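What follows is a short report on a single structure.
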Amino acid sequence: MNKYDLAILGSGPAGLSAAIYARRGELNTIIIEKSFASGGQIINTYEVDNYPGLPEITGFELATKMKEHSDKFGAEYLNADVTEVKNIGDEKIIITSEGEIRARAVIIASGASHRSLGIPGEEDLTGSGVSYCATCDGAFFRGKDVVVAGGGNVAVEDAIFLARGCNKVYVVHRRDELRAEKVLQTKLFELPNVEMVWNANLTNINGDGNVESVDVKFKDGSSKNIKVDGVFIAVGIAPNKVKVDELNTTEDGYIIADESGITNIPGIFVAGDVRDKSLRQVVTAVSDGANAATSALRYLI
């Protein structure tokens, strides 16, 4: 069984930042990532325009730069799925799909994933017109009509991106105003091929093999059917949970810790979107990673 000073679970911005700080502190470090590519959610982001010093960089480019930076310092990398972390005092046992790993400390940087609507047709048509990533799948709908569900930053960014190539973009939001940043709203409302569908929810996604239409229900009880070829769902995220007995979490599963990343279990730390916090952005994830690695270094010393 391999033994390390530190195991980092996840290689998004938080995990990669933590790896850089850990290796600079000369900790024997392993990063465990279930996906084949590092970067977390930003790898599917067309443009990151709010990361200081790197305006208008694509998410894939930023993720690549972060991975290259962490590789420079020599953190070991394992492509595996983590199912559980066992706390046995001074050591932690990480149970993975590739076997068990021991580490003196663990940073959970497992991130978060897109939420689903849970409506009829969503699961059956996922990959056949239903998508959770506009930048991944938007090119398949060039010249077609699509709908975006949601009203936050991600939903508005998706709609703006899709409007560049799609014939018509409907944005369905359950309220009468968006939650997205004003600068994004301004860009969205300037687009001639975007139509807002206010005070409404998607209730069904219809199609035989591929998306053909959606059913929308309004707050006043009325409903209508909209003919579309694609449905892009952007209604928030949920934490990627890692089983750790007695770890303090919120009801939703976010791990409770302040900016230090120190959890209620000695030797287990948290960083990034899986931490309970108000702002989940690349810049806060990177900060979390630095803080958690520094806390882990102090703990081990």
Kindly indicate whether any position in the stretch 8-26 is outside the structural domain of residue 162 (by TED's automatic domain parsing), assigned to a loop (DSSP other than H, G, I, E, B), surrounded by fewer than 16 Cβ atoms within 10 Å (Cβ to Cβ) and in contact (Cβ under 8 Å) with a residue 12 or more places away in the chain. no
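Test of understanding: among 140, 189, 218, which residue is in contact (Cβ under 8 Å) with a residue 40 or more places away in the chain, on the phi < 0 side of the Ramachandran plot, among the hydrophobic types (A, V, I, L, M, F, W, C) and surrounded by fewer than 23 Cβ atoms within 10 Å (Cβ to Cβ)? Before you say what the answer is, go through the steps one by one.
Values: 189 fails: in contact (Cβ under 8 Å) with a residue 40 or more places away in the chain; 218 fails: in contact (Cβ under 8 Å) with a residue 40 or more places away in the chain.
None of the other options fit; the residue is 140.
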What do you reckon, is residue 113 part of a loop (DSSP other than H, G, I, E, B), at pLDDT below 95 and surrounded by fewer than 16 Cβ atoms within 10 Å (Cβ to Cβ)? no
Across the stretch 27-37, which residue is modelled with the highest pLDDT among those that are under 18 Å from the mean Cα position of the chain (by Cα) and either of a type in the set (Phe, Trp, Tyr) or surrounded by fewer than 24 Cβ atoms within 10 Å (Cβ to Cβ) (or both)? 34
Can you tell me which residue within the stretch 214-235, out of those that are closer than 14 Å to residue 149 by Cβ and among the small types (Gly, Ala, Ser), is modelled with the highest pLDDT? 230
Any idea how many residues of the stretch 98-110 are closer than 21 Å to residue 38 by Cβ and modelled with pLDDT of 95 or more? 8
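Output the residues belonging to the stretch 236-277 that are of a type in the set (Ser, Thr, Tyr) and either at pLDDT below 95 or in contact with an Asp or Glu (Cβ under 9 Å, 6 or more places away or on another chain) (or both).
Narrowing the stretch 236-277 to residues of a type in the set (Ser, Thr, Tyr): 249-250, 254, 260, 263.
Scanning the stretch 236-277 gives 249, 250, 254.
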How many residues does the stretch 263-285 hold that are more than 13 Å from residue 107 (Cα to Cα) and in a helix (DSSP H, G or I)? 3
All but one of (1) at pLDDT 95 or above; (2) part of a loop (DSSP other than H, G, I, E, B); (3) of a type outside the set (Phe, Trp, Tyr) hold for residue 93; state the number of the condition that does not hold. (2)
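Just the residues that are of a type in the set (A, V, I, L, M, F, W, C), closer than 29 Å to residue 56 by Cβ and surrounded by fewer than 18 Cβ atoms within 10 Å (Cβ to Cβ), please, taken from the stretch 243-289.
Residues of the stretch 243-289 that are of a type in the set (A, V, I, L, M, F, W, C), as a first pass: 244, 247, 255-257, 262, 265, 268-271, 274, 279, 282-283, 285-286.
Keeping just the survivors that are closer than 29 Å to residue 56 by Cβ gives 271, 274, 279, 282-283, 285-286.
Of everything in the stretch 243-289, those that are of a type in the set (A, V, I, L, M, F, W, C), closer than 29 Å to residue 56 by Cβ and surrounded by fewer than 18 Cβ atoms within 10 Å (Cβ to Cβ) turn out to be 279, 283.
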Residues that are crowded, with 22+ Cβ neighbours inside 10 Å and part of a loop (DSSP other than H, G, I, E, B), drawn from the stretch 121-137: 121, 129
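In the list 150, 165, which residue meets the criterion of being buried (at least 21 other Cβ atoms within 10 Å of the Cβ), under 27 Å from residue 281 (Cα atoms) and either free of Cβ contacts under 8 Å to residues at least 12 places away in the same chain or in the same structural domain as residue 121 (by TED's automatic domain parsing) (or both)? Before you say what the answer is, go through the steps one by one.
Values: 165 fails: buried (at least 21 other Cβ atoms within 10 Å of the Cβ).
Only one candidate passes the filter, namely 150.
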Which members of the stretch 221-235 meet the condition of being loosely packed, with under 14 Cβ neighbours inside 10 Å and either under 17 Å from residue 120 (Cα atoms) or in contact (Cβ under 8 Å) with a residue 24 or more places away in the chain (or both)? 223, 224, 225, 227
The condition from (1) over 18 Å from the mean Cα position of the chain (by Cα); (2) under 15 Å from residue 281 (Cα atoms); (3) of a type in the set (Gly, Ala, Ser) that residue 110 misses is numbered (1)
State yes or no: is residue 237 farther than 25 Å from residue 180 by Cα and touching a strand residue (DSSP E or B) at 6+ places or on another chain (Cβ under 8 Å)? no
Before we move on, is residue 63 crowded, with 20+ Cβ neighbours inside 10 Å, within 20 Å of the chain's Cα centre (by Cα) and closer than 18 Å to residue 274 by Cβ? yes
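The values are calculated or read from the model by the stated rules, or taken from the named source; none is laboratory data. All values reported here derive from a predicted model rather than from experimental measurement. A quick note on method: Cβ atoms are made from the backbone with ideal geometry, for glycine too, and the neighbour counts reach across all protein chains shown.
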